[in-house]
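The values are calculated or read from the model by the stated rules, or taken from the named source; none is laboratory data. On a predicted model such as this, the values are computed, not experimentally measured, just so you know. Using ideal geometry, Cβ is built from the backbone for each residue, glycine included, and neighbour counts are taken over all protein chains shown.
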Amino acid sequence: MPAIECPIGDFFANGWQAYSQISSLAVCLNPGSGLNCYWQMPFQKAFRITAENRAPDDMVLFYQIDYALCAVPENIGYFRACSRRSNPVKDGLHVILDGVQGTGRYVGTYLAWQVNNAGWWGEGEVKFYLDGDRDYPTIATTGTEDYFGGSYNFDSDRAYRPFTTPYTGLQVIKPDGLYASQMRFGLYRWHILDPIRFEENLAVTIQAIGWRSGGRYLPEQDDLASTAFWYQTEPHAPFPKLPDFALNLPQLQPRPVLNLGQFPDSRLDHGVPFSQRPNQGSVPGTRRRGPGTLPWFGLCENGTP
């Protein structure tokens, strides 16, 4: 059972396969297709990382992984990440994360958001339900842009303004006047200095709400994919089935999938060319015994991330 399972681009906060530089503490995306991750990933016994190529063509994936074999506390929280997609969003509500049981801290959110209506789309709130709260959220943010560190619709002089900072960022992909007909956005928020801690369970949702005439709310029917990042003690619940991120995106190639797990006897796979395979593209590598931590790893594809 993996600890991390999500499209590679979304894991590095660049989910639309359209290059956008990111300079954050958790991940950096640098020219021309260098994806770098700085999340701490402790392990007790061993770890394994695999990549699955879902595209119809072969690709080359080069990567480097830095790790340290060191003492790790028995009660340490393990890094987790999983992705979900609502296409379309139903009733104006998208579930970012639920079913988390145990003790831990929530540390980050990435959204890949395609807007399917005219007008402002980000009036919805991000809501956190902690330790048994169900009917009402423990934490409720204001508008979507406020949660991601912006304000007033990300609007300056009647235009969206992309930005990248250590903890928050916005990617803007405009329609091209032909087949890429919708506005698309990438948004990240890292709770590195302000983790959301939970003792028993955790659920996270976001409303997809815009405006309609007369100052009324409009539940959006957008295409919304999310990746949640958190740490928690073992055991962790199985993730839901990874959604088909290539569905209804004819102008984009399917997204490669990253999978990382901690296993009592596993192997570290080295970067080599790989082809589409039924399950996952990986090759035998050198055994890495723990305990220890992964302080950094980076990927470089032979195309845009």
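Within segment 1-22, restricting attention to residues that are among the small types (Gly, Ala, Ser), in contact with a Lys or Arg (Cβ under 8 Å, 6 or more places away or on another chain) and crowded, with 24+ Cβ neighbours inside 10 Å, which residue is nearest to Leu111 (Cα to Cα)? Taking the candidates together, the pick is Gly15. What about Ala68, is it over 30 Å from Ser181 (Cβ atoms), part of a strand (DSSP E or B), out of contact with any helix residue (DSSP H, G or I) (no Cβ under 9 Å at 6 or more places or on another chain) and touching a residue at least 24 places away in the same chain (Cβ under 8 Å)? Judged against the criteria, Ala68 is a match.
With respect to being assigned to a loop (DSSP other than H, G, I, E, B), free of Cβ contacts under 8 Å to residues at least 12 places away in the same chain and surrounded by fewer than 20 Cβ atoms within 10 Å (Cβ to Cβ), Pro88 falls outside the description.
Taking the criterion of being within 28 Å of Ala180 (Cα to Cα) and either of a type outside the set (Gly, Ala, Ser) or free of Cβ contacts under 8 Å to residues at least 12 places away in the same chain (or both), the residues of segment 127-154 that qualify are Thr144, Glu145, Asp146, Tyr147, Phe148, Ser151, Tyr152, Asn153, Phe154.
Which of the residues belonging to segment 91-107 are surrounded by fewer than 20 Cβ atoms within 10 Å (Cβ to Cβ) and among the small types (Gly, Ala, Ser)? If you could, list the steps in order and put the result at the bottom.
The initial filter retains those residues of segment 91-107 that are surrounded by fewer than 20 Cβ atoms within 10 Å (Cβ to Cβ), namely 91-93, 95, 98-99, 101-103, 105.
Gly92, Gly99, Gly102 - these are the residues of segment 91-107 that are surrounded by fewer than 20 Cβ atoms within 10 Å (Cβ to Cβ) and among the small types (Gly, Ala, Ser).
Summed over segment 161-193, residues that are surrounded by 11 or more Cβ atoms within 10 Å (Cβ to Cβ) and within 28 Å of Tyr38 (Cα to Cα) total 22.
Selection of segment 108-125 for residues being surrounded by fewer than 24 Cβ atoms within 10 Å (Cβ to Cβ), outside any loop (DSSP other than H, G, I, E, B) and either free of Cβ contacts under 8 Å to residues at least 60 places away in the same chain or more than 9 Å from the chain's Cα centre (by Cα) (or both) yields Gln114, Val115.
For segment 138-146, indicate whether the set of residues that are surrounded by 15 or more Cβ atoms within 10 Å (Cβ to Cβ), farther than 13 Å from Thr205 by Cβ and under 18 Å from the mean Cα position of the chain (by Cα) is non-empty.
As a first pass, look at segment 138-146 and keep what is surrounded by 15 or more Cβ atoms within 10 Å (Cβ to Cβ): 138, 141, 143-145.
Going one step further and asking which of them are farther than 13 Å from Thr205 by Cβ, we end up with 143, 145.
Of the ones still in play, those that are also under 18 Å from the mean Cα position of the chain (by Cα) are 145.
Yes, because at least one residue in segment 138-146 is surrounded by 15 or more Cβ atoms within 10 Å (Cβ to Cβ), farther than 13 Å from Thr205 by Cβ and under 18 Å from the mean Cα position of the chain (by Cα).
Which members of segment 210-263 meet the condition of being at pLDDT below 75 and either part of a strand (DSSP E or B) or in contact with a Phe, Trp or Tyr (Cβ under 6 Å, 6 or more places away or on another chain) (or both)? The answer is Gln251, Arg255, Val257, Leu258, Asn259, Leu260, Gly261, Gln262. Restricting attention to segment 42-71, the residues that are surrounded by fewer than 16 Cβ atoms within 10 Å (Cβ to Cβ) and either under 14 Å from Ile4 (Cβ atoms) or touching a strand residue (DSSP E or B) at 6+ places or on another chain (Cβ under 6 Å) (or both) total 6. The set of residues in segment 14-34 being part of a loop (DSSP other than H, G, I, E, B), under 19 Å from Gln64 (Cβ atoms) and at pLDDT below 95 consists of Asn14, Pro31, Gly32, Ser33. The single condition among (1) surrounded by fewer than 18 Cβ atoms within 10 Å (Cβ to Cβ); (2) hydroxyl-bearing (Ser, Thr, Tyr); (3) closer than 28 Å to Arg80 by Cα that Thr205 does not satisfy is (1).
Considering every residue within segment 171-191, establish whether at least one is farther than 24 Å from Pro88 by Cα, within 18 Å of the chain's Cα centre (by Cα) and in a strand (DSSP E or B). Scanning segment 171-191, I find at least one residue that is farther than 24 Å from Pro88 by Cα, within 18 Å of the chain's Cα centre (by Cα) and in a strand (DSSP E or B), so the answer is yes.
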